Amino acid sequence: MSVSTPEAVLPLDEPTTTFADLGLPPSIVRKLAEKGVTTPFPIQEATIPDALAGHDILGRGRTGSGKTLSFGLPLLARLSGARTAPKRPRAVILTPTRELAMQVSDALEPYGDVLGLRLKVVCGGTSMGNQIYALERGVDILVATPGRLRDVIGRGACSLADVEVAVLDEADQMADLGFMPEVTELLDQVPPGGQRMLFSATLEHEIDTLVKRYLVDPVSHEVDAAQGAVTTMSHHVLVVKPRDKAPLTAAIAAGEGRSIVFVRTQLGADRVAGQLREAGVRADALHGGMTQGARTRTLADFKDGRVGVLVATDVAARGIHVDNVDLVLNVDPAADHKDYLHRSGRTARAGRSGTVVSLALPHQRRTIFRLMEDAGVDASRHIIGRGDLFDAEVAHIIGARSLTEVQAEAAMGAVRHAEGEVARLNRELERAREKATELLEEAERLTGRAARERGDDPAEAIAAAAEARVLAIAEAEREAEREALREARRAEKAARADAPRQHDDRERGQGRGNGFRRDDRRGDDRRPFQRRDEGNRGRSGGSGSGGSGGGSGSGGFRRDDRRDGTSFERRPYGRNDDNRARGNGGGFRRDDRDGGGSFRRDDRDRPSSSYKPRWKRDS
């Protein structure tokens, strides 16, 4: 029985395009082969020939599709064989973030070395003096963020008058971060007639304006859909309760391989990273509040595998290129679909597979589902309940069969972390004891020496010092006990004060009705307070008894209502004549007194002999 092979599986004999076929210099091709890079990605195969020919390039492709070599290798080839003047680079590559600038430089530097070309990163968070010194010596290719490059140019340390090739990488991210004014200001300084290359995941609004303004008859290349719905990336939404979010985050992040966890704020990144470490996960935070050195070390630890989970904010993680990221976990939802796609682009890079998981609280479900639709992503949706068994797909992601197992693993991770902390503190305590013993011996030696110099008995001096030390230690222990007792009392007092409030909150939540609102009244019809400027609607001409007439019943009351049914108007000071005219049947004002003698607040300023202060009249 013969088995026929379908024709669809026979493309093995088809010729494969290599970097040598694209027209790159042999030295670059050899260096690529040394690194194991022999076959170009689709965006590279489409872009490199046109870029070598000097055309303006408009490249559109998702993050991780290989765009850096698409513009970097032709740029290096075009600049080789010429000299660069000090402070006047011949090519500039603009990136939205410093991490991306460093990664672009790291990716292109090996190939620049074989051609004798120098690259320099100019970005914030690093020494401007070193950057200016490098420019004075001469830099062929400047990889820069827009803000720092503008500052360097403002100091007269750099000029773009000799730039032949200008590249904008991740242009849509520059627009999202508000860098377009700086970008246009820099591109206006580049002389016309050179080559322009712009790469972006989307071509919306400001990006389209840049294309029309600065690119001349660009050759467009689009690889991978902007929506990012690739077959090698699976998307999942897990609807969880707030109390289950932290253990699920730890369970998902503790899986094998590298993971990037996205949060919205810097404080959130530090908090989640700390929670993961307490659960036994090797995690570290990356955000804009860290120094550049700390960010570089954290990223290096993540790339080298010393840290398995990176907890990052959107801005810090934009443009991060790390190979073999298996999972992206969105603890906080992305702000919009573009941010979601940028997050998702950290995995499934260069044709590899990856998983994107988003945690959604119940009130966030509609927002996240709408975000998925805007991103063009078909995500599977799972509702996680307490104690329920997971389906096979969720169990594969989380690594557990039920939520109870997740919580048990999180608890055991916390136990391991606590035991590790105890061991660490014991080691520190032992070191402190050894140090104390050494210091005690040194103190006794010096005490005896000082006693001998004074002519006293060294033994007596050492004994007296030891006795004083014992007393001091005892007093410190008693003070510690008193402080612990005070702390316990404060905690007990706070618990007692908080207990009634929690009880009331529970009763209100259960609908027992023990709470009250300001508009609740004793009567059956509950009405809100009347506004002060409203009239006494429904009153019976001011003659009602007890406020029961004319529908006033159990409704609201005003400040001008009195028990006898009468009312008064709030009048400005100095209208005592009206009060006297009304006699005793009306209301009263602040300037009326029981004794019949009244005075106005401005009477005290009158030069009248009949006026006496209250204390003199009483006396």
Quiz prompt | Members of the range 6-29 found to be outside any helix (DSSP H, G or I) and modelled with pLDDT under 50, listed by number | solution = PRO6, LEU10, GLU14
Exercise. Test each condition in (1) over 22 Å from ASN324 (Cβ atoms); (2) at pLDDT 90 or above; (3) surrounded by fewer than 23 Cβ atoms within 10 Å (Cβ to Cβ) for MET1 and report the one that comes out false.
Key: (2)
Quiz item: Would a scan of the range 242-254 turn up a residue that is open to solvent by 10 Å² or more (accessible area, probe 1.4 Å), at pLDDT below 85 and outside any helix (DSSP H, G or I)?
Solution: no
Quiz item: What single numbered condition from (1) open to solvent by 60 Å² or more (accessible area, probe 1.4 Å); (2) of a type outside the set (Gly, Ala, Ser); (3) more than 20 Å from GLU256 (Cβ to Cβ); (4) not in a helix (DSSP H, G or I) fails to hold for ASP323?
Solution: (3)
Quiz item: Which members of the range 66-96 meet the condition of being open to solvent by 10 Å² or more (accessible area, probe 1.4 Å), among the hydroxyl-bearing types (Ser, Thr, Tyr) and over 12 Å from ASP140 (Cβ atoms)?
Solution: THR68
Quiz item: Given the structure, is ASP456 among the charged types (D, E, K, R), in contact (Cβ under 8 Å) with a residue 12 or more places away in the chain, open to solvent by 50 Å² or more (accessible area, probe 1.4 Å) and not in a strand (DSSP E or B)?
Solution: no
Quiz prompt | From the options VAL311, VAL307, VAL216, VAL272, residue that is part of a strand (DSSP E or B) and modelled with pLDDT of 90 or more | solution = VAL311
Practice problem: May I ask you to say which residue of ARG386, ARG346 is part of a loop (DSSP other than H, G, I, E, B), modelled with pLDDT under 85 and within 24 Å of the chain's Cα centre (by Cα)? | Solution: ARG346
Quiz item: Would you call LEU389 surrounded by 13 or more Cβ atoms within 10 Å (Cβ to Cβ), farther than 15 Å from GLU278 by Cβ and aliphatic (A, V, I, L, M)?
Solution: yes
Self-check item: Qualifying positions in the range 108-123 - out of contact with any strand residue (DSSP E or B) (no Cβ under 8 Å at 6 or more places or on another chain) and buried (at least 16 other Cβ atoms within 10 Å of the Cβ)
Solution: TYR111, VAL114, LEU115
Self-check item: Top-ranked residue of the range 45-65 - restricted to ones that are under 14 Å from PHE199 (Cα atoms), in contact with a Gly (Cβ under 8 Å, 6 or more places away or on another chain) and at pLDDT 90 or above, ranked as surrounded by the fewest Cβ atoms within 10 Å (Cβ to Cβ)
Solution: ILE48
Practice problem: For residues that are over 28 Å from the mean Cα position of the chain (by Cα) and open to solvent by less than 60 Å² (accessible area, probe 1.4 Å), scanning just the range 393-421, find the one that is farthest from GLY354 (Cα to Cα). | Solution: GLY420
Quiz item: ARG427 versus (1) in contact with a helix residue (DSSP H, G or I) (Cβ under 6 Å, 6 or more places away or on another chain); (2) closer than 30 Å to ALA246 by Cβ: which is the lone unmet condition?
Solution: (1)
Quiz item: Taking the range 150-192 as the search range and keeping residues that are among the aliphatic types (A, V, I, L, M) and within 18 Å of GLN131 (Cβ to Cβ), which one is most open to solvent (accessible area, probe 1.4 Å)?
Solution: ILE153
Quiz item: What pairs can you find where one residue is in the range 83-95 and in contact (Cβ under 8 Å) with a residue 12 or more places away in the chain and among the basic types (Lys, Arg), the other is surrounded by fewer than 24 Cβ atoms within 10 Å (Cβ to Cβ) and in a strand (DSSP E or B), and their Cβ atoms are less than 9 Å apart, with a gap of 6+ or different chains?
Solution: ARG90/VAL165
Quiz item: On the given criteria, is ILE397 over 13 Å from ILE252 (Cα atoms) and in contact (Cβ under 8 Å) with a residue 24 or more places away in the chain?
Solution: no
Exercise. Determine whether ARG381 is part of a helix (DSSP H, G or I) and surrounded by fewer than 22 Cβ atoms within 10 Å (Cβ to Cβ).
Key: no
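The values are calculated or read from the model by the stated rules, or taken from the named source; none is laboratory data. What you see is a predicted model, and the numbers here were worked out from it, not measured in a lab. For neighbour counting, all protein chains shown are included, and Cβ atoms are generated from backbone atoms with ideal geometry for every residue, glycine included. In case anyone asks, the SASA skips ligands and DNA or RNA and just uses the protein heavy atoms, side chains included. Shrake-Rupley method; radii C 1.70, N 1.55, O 1.52, S 1.80 Å.
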